[in-house]
């Protein structure tokens, strides 16, 4: 079934509000195996609305229209729907009574302009809105079934789930389930992930697995979308593909599904009764800031120390003034471990290049992890400007800690570092 | 000029990611007096992309296409653009060399599939992307000028501002200059800002000033868009309105234009030869993380200390074990001032409520600022769940420091705190 979404309203079109209704609807429909093939956004403009409805009616089997059902003069959905369907608007007495009751129960008198919300195209089927005054309705325009929904997110969500999804599933005559499996990796670029995973989706011969990627530096998200008649069939399809993705991306997978890198680190520490302290300079508290506030970190995150000046860092840690900068990370990690009593300390010290913030500005990174077994050291160099180096250094520091906690090599070369 | 936006990609169409690129582009264009009249979203599908390009070419004067310029097989924008324009794809040697250089400077070899990113429709004008490998380009399709942009937000943003907006303004043939004046406020909600500023745009009789808002918790951005024949005329129009906005929002304005709250704090400290240390608990290093990495902070930001456990905090600062939690913030600020030698110390301690993370979960906030004059204290309570409390506390801490440095009252009541 070909489904389209038409979002209406000047606020959405001009970007005053981010259109999260669209992504919510589309994702919810995907959960039921229903795919949106086209999205349109137009403002509160009669000609544009009419053209959008006609184009969608010509392409789709079902169209969900969001917004434009309110009481004000710029809410035009019913009027334009009637015009597109070639019918009149008529007062729906039943909805008018519902609205009057809605206001009465809140001890208010219904303002006269709300009456407009009960004017529906003749032949419409009402889609109930138990929590608002905007009346949803369904109507044929051309060969497509149109579903008109309110712009208020909580009203839309309830109407879509309770009223529209069942109607769409009935029309599609299908009952497939869908599942999204995600892997978060760090250290390999998108094109290399793509190359490494070439063909994994073909491990399932019926083409029921779709492979996709999303890059948000420094991580890459790899996604497997799987469809099947039910979850048991999906699990059977997915198992060999998941195993193969894990094998090919290996140590570079930092987390899966809703996990995060920092959450994995926290869980690994908590799982062994461990605790953490962190020393940072240029990352300025951003490593601590990803872990320390998480639920469960109260007892695991013992201490964070930030200083930009290596002299100050030595003083704060009680290190000798003649410790060379190059040796600072391992000594700082060991000193903070002794002072804080944490089982693990991550020292992440970046020596940022001098000069203007250009794309080839780099930083030399020293990562030291101290635990009861001693101090593990990793050095690297990243180019790409201040922000790039800062984000990359924070990620590399956390990832080294993850690798150390998981017994993986911390010095595996990554794509983002300079040889 | 009629401008349309076509957003491409299965991730946006299926709702896996919220399409914030659309709202950002539309709002940025509005800032320059350019209005988007139609938005289309389609997936990585040749037929749908071609139909979307043809429909937009038939309606608009200019079309911005976002996404589909990456190296992977599902990135189809160049291919479909060539087909829509009726031209071939050809290798752009200049962009290929740029990409090879991009990888070389990062000490990486360009993977072979990146070559695809240098295949452009014949006759395209390159739109530079100084921070990525996706090559932007402009091309006529039908009567419309198409601008193809990368999906990565920071690459898109730079390309739109530096490459596309000037071309659109030139094509629009408008001789007027446009200026955007921005105020960033903290502590008053959007509806109160709106009410406080009612009528300020009418101080200029010709209607050449447009007032707008954008809320991104915890700050509100107030925007004045001004048009005039030249910058002198704009400055003359703007001056009384700017003065009036400053008068009405008063102490709640934390920064203007490209300034940030943390940048204002850093500049105020640097301007008096001051230095800063910060103590945090639940905010976990996020206050330090906003300041310590900024250019110029090397010499100003002396030290950050993070601990979740008040016992650990006392030990780290050498405070007596019997100091009550309620007195911890001022004593911690004073102790860290003595230890770090910073002229100013901000102690931001949040006592988060027990219980599940619900909308009514709150936190009790103690903010202490120590300087040579003693310790200034501010207490507050914020409700709204873990993330809301954390963001709000970090903002309130920084804003109290700004107010203190600017000689403003630190205890002025804000809209986000519970009475």
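We did not get these values from a lab; they are worked out from the coordinates using the rules stated. As the structure is a prediction and not an experimental result, all values here were calculated from the model. Here Cβ is always computed from backbone atoms with ideal geometry, including for glycine, and neighbour counts include all displayed protein chains.
Things to note:
- Pairwise centroid distance, computed over Cα atoms, of the range A:332-384 with the range B:213-238, Å: 43
- The equivalent ellipsoid of the range B:1-55 has semi-axes of 21, 15, 5 Å, largest first, where each one is the square root of 5 times an eigenvalue of the Cα gyration tensor.
- Per-residue shielding of A:203-216, expressed as the average number of other chain Cβ atoms within 10 Å of the residue Cβ, stands at 2.
- The ranking of B:216, A:216, A:179, A:293 from fewest to most other beta carbons within 10 Å of each one's beta carbon is B:216, A:216, A:179, A:293.
- For chain A, the longest principal axis of the C-alpha atoms and the axis of helix A:20-31 are separated by about 90°.
- Calculated SAXS-style log₁₀ I(q)/I(0) at q = 0.10, 0.11, 0.21 Å⁻¹ - the range A:105-191, Debye, Cα scatterers: -0.44, -0.50, -1.10
- Measuring how big the range A:177-256 is from its alpha-carbon positions, Rg and Dmax come out at 12.2, 36 Å.
- Neighbouring Cβ atoms from other chains, within 10 Å of the Cβ of residues in A:9-15, number 6 on average.
- Across the identical copies, how the residue A:153 labels are spaced - nm, sorted shortest first, 7 Å along Cα→Cβ: 1.5
- One decimal place: the segment residue A:270-residue A:257 gains 2.7 nm when fully extended, by the rule 0.36 nm per residue minus the C-alpha distance.
- Cα pair distances exceeding 14 angstrom across the range B:102-155, given as percent: 60
- With Rh defined as the Kirkwood radius, the inverse of the mean 1/r over Cα pairs, the Rg/Rh of the range A:274-353 is 0.97.
- Packing-based exposure ordering (other Cβ within 10 Å, fewest first) of B:350, A:315: A:315, B:350
- From the Kirkwood radius over Cα pairs of the protein assembly as shown, Stokes-Einstein at 20 °C and 1.002 mPa s returns a whole-number translational diffusion coefficient of 73 µm²/s.
- Label point of residue A:179 (7 Å along Cα→beta-carbon): distances to the other copies' equivalent points are 6.0 nm, sorted ascending.
- For chain B, calculated [θ]222 nm from helices alone, where every DSSP H run of n ≥ 4 adds -39500 (n - 2.57): -11000 deg cm²/dmol
- C-alpha long axis of helix B:261-271 to longest principal axis of chain B, angle in °: 60
- DSSP finds beta bridges in the protein assembly as shown, and of those with both partners inside it, around 70 percent are antiparallel.
- Inter-chain Cβ neighbour count for B:71-83, averaged per residue, equals 2 (cutoff 10 Å, partner chain atoms only).
- The modelled label-to-label distance for the pair residue B:232/residue A:61, using points 7 Å beyond Cα in the direction of Cβ, is 6.7 nm.
- When the convex hull of its Cα atoms is projected in every direction, mean area for the range A:261-405 (nm²): 8.0
- When Rg and the Kirkwood radius Rh are both evaluated on Cα atoms of the range A:152-213, their ratio Rg/Rh stands at 1.17.
- Percent breakdown of C-alpha pair distances by 5 Å bin, ordered from the shortest bin, for the range B:151-301: 2, 8, 14, 14, 16, 15, 15, 10, 4, 2, 0, 0
- Ellipsoid semi-axes in whole angstrom, largest first, where each is sqrt(5λ) of the Cα gyration tensor of the range B:251-310: 21, 15, 10
- For the range B:3-172, the C-alpha radius of gyration sits at 0.97 times the compact-globule guess of 2.2 N^0.38 Å, with N the residue count.
- Cα centroid of the range B:111-169 to Cα centroid of the range A:53-91, whole Å: 36
- Rounded FRET efficiency, nearest 0.05, which uses the C-beta distance separating residue B:195 from residue A:215 and R0 of 45 Å: 0.55
- Axis angle, to the nearest 10 degrees, between helix A:386-405 and the longest C-alpha principal axis of chain A: 70 degrees.
- Each 10 Å bin from zero holds the following percent of Cα-Cα pairs in chain B: 4, 18, 22, 21, 20, 12, 3, 0.
- Proxy reagent accessibility, fewest Cβ within 10 Å first, across B:1, A:231: A:231, B:1
- Taking every alpha-carbon pair in the range B:126-238 and binning the separations at 5 Å intervals from zero gives 2, 10, 15, 14, 14, 15, 15, 9, 4, 1 percent.
- Based on alpha carbons, the Rg and Dmax found for the range A:70-129 are 12.1, 39 Å.
- Two-site label geometry, residue A:104 and residue B:413: point separation in nm, points 7 Å out along Cα→Cβ: 3.9
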